[in-house]
Amino acid sequence: MNNIRPVWIDTDTGVDDAFALVSALRLPNIDVVGISTVAGNVEVEKTFKNARNVISLCQREDIKVYKGADKPLIVPLHTAYAVHGEDGLGGVVIPKSKADIEKENAYDALYKKAKELNGELVVCAVGPLTNIAITIFKYPDFVNYVKEIVIMGGSIGVGGNTTIAAEFNIYVDPHAAQTVFKSGLKITLFPLDVTMKTVLTRDELESLKDVDNDVARFCYTSSNAPTSLYKHLGLGDLMCLHDTCPLVYLNSPELFFGKEAGVYVETLSEISLGRTVSDLYVHRDELFDTNAMVMLDVKRDEVAKIVIDTFKAY
Ligand code: RIB
Ligand code: CA
């Protein structure tokens, strides 16, 4: 039986997004059928360029990349230059894609692909959820054509990484996130609870240093941006594979462990704006409607091996 999943990736292509794209293009059970870009880590003009250039580096210019939202639904854009650099790829310059520039916007292209695949499409969102929310608003039947959505975002039993309360992807566009969490889509969530455990160590990164392929060299060099910040913050000389988690899960679901719960987003409070609020640890039924499988644990060694071996195989 064929386990290959058609996957659409929505990304604010920064360094860990790039790692996720590079991994996805070589995972045997994933067929990337489209990519949309959104403002987040850096402005959408840069995330669009980065996604195009990264898949070109992977010699996959056959995959179409679409430009999406240039700002969140309501709040002003908050970027993450400190983590990814002003260009989004840690200052690493890679060749410019020669692929045609897609004129169609992300929302229309995503909806068309979902209808074309008639309920088989898996959406993987690894940036702010602005594009997904706009697609839901513009096409109310969109949710009927999506098999499931896997999301990197939020934090349930741990603090935030952007404010003390909120994780970046949700914080950047809390209103879009709430729209998605209330949409009825089948959600599998990868919050910081699990993505902060899914790291590459310095030794694992160093194993890429002398690999004779442009993709491995790009991943090794661009990882300097997030690892420098993590070292500065006292988190250690490592890199969190935030955005790679949902993709490795789609390929190898047995490597992740979670529980079903209700997860919703704080959109009114100033102090905890963008907090993902959940009844996961409160054992009473009447609190929240269960709307997500929340991933909390991972077989890190196995995930790290898959990712490093994938980079070396280019
Ligand atoms: O909090 C981590 C998330 O924010 C990742 O998707 C990273 O790329 C940034 O967008
Ligand atoms: Ca991202």
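Key figures
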read-out: Helices (runs of 4 or more DSSP H) completely within segment 135-235 that count 3 or more residues being within 16 Å of ligand 2 (Cβ to nearest atom) and not aliphatic (A, V, I, L, M); value: 168-172
read-out: Residue ID - nearest to Met293 (Cα to Cα), chosen from residues in segment 195-220 that are of a type in the set (Val, Ile, Thr) and either within 12 Å of ligand 1 (Cβ to nearest atom) or modelled with pLDDT under 95 (or both); value: Thr195
read-out: Residue pairs meeting the criteria (Cβ under 7 Å; at least 6 apart or on separate chains; first charged (D, E, K, R), in segment 10-22; second near ligand 2 (Cβ under 7 Å from one of its atoms) and in a strand (DSSP E or B)); value: Asp17/Thr11
read-out: Residues of segment 1-43 satisfying the condition of being buried (at least 21 other Cβ atoms within 10 Å of the Cβ), assigned to a loop (DSSP other than H, G, I, E, B) and more than 16 Å from ligand 1 (Cβ to nearest atom); value: Leu25, Leu27
read-out: Output for segment 111-132, where each listed residue is within 16 Å of ligand 2 (Cβ to nearest atom) and out of contact with any strand residue (DSSP E or B) (no Cβ under 6 Å at 6 or more places or on another chain); value: Pro128, Leu129, Thr130
read-out: So Asn118, is it more than 14 Å from ligand 1 (Cβ to nearest atom), assigned to a loop (DSSP other than H, G, I, E, B) and either touching a Ser or Thr at 6+ places or on another chain (Cβ under 9 Å) or over 22 Å from Thr79 (Cα atoms) (or both); value: yes
read-out: Residue check for Lys147: out of contact with any His (no Cβ under 8 Å at 6 or more places or on another chain), modelled with pLDDT of 95 or more and closer than 19 Å to Pro6 by Cα; value: yes
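Yes/no per residue for (1) within 15 Å of ligand 2 (Cβ to nearest atom); (2) farther than 21 Å from Thr179 by Cβ; (3) among the polar types (S, T, N, Q):
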site	(1), (2), (3)
Asn2	no, yes, yes
Pro6	no, yes, no
Leu25	no, yes, no
Thr37	yes, no, yes
Val42	yes, yes, no
Lys46	yes, yes, no
Val83	yes, yes, no
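The values are calculated or read from the model by the stated rules, or taken from the named source; none is laboratory data. Here the structure is a predicted model, which means the values were calculated and not measured. Using ideal geometry, Cβ is built from the backbone for each residue, glycine included, and neighbour counts are taken over all protein chains shown.
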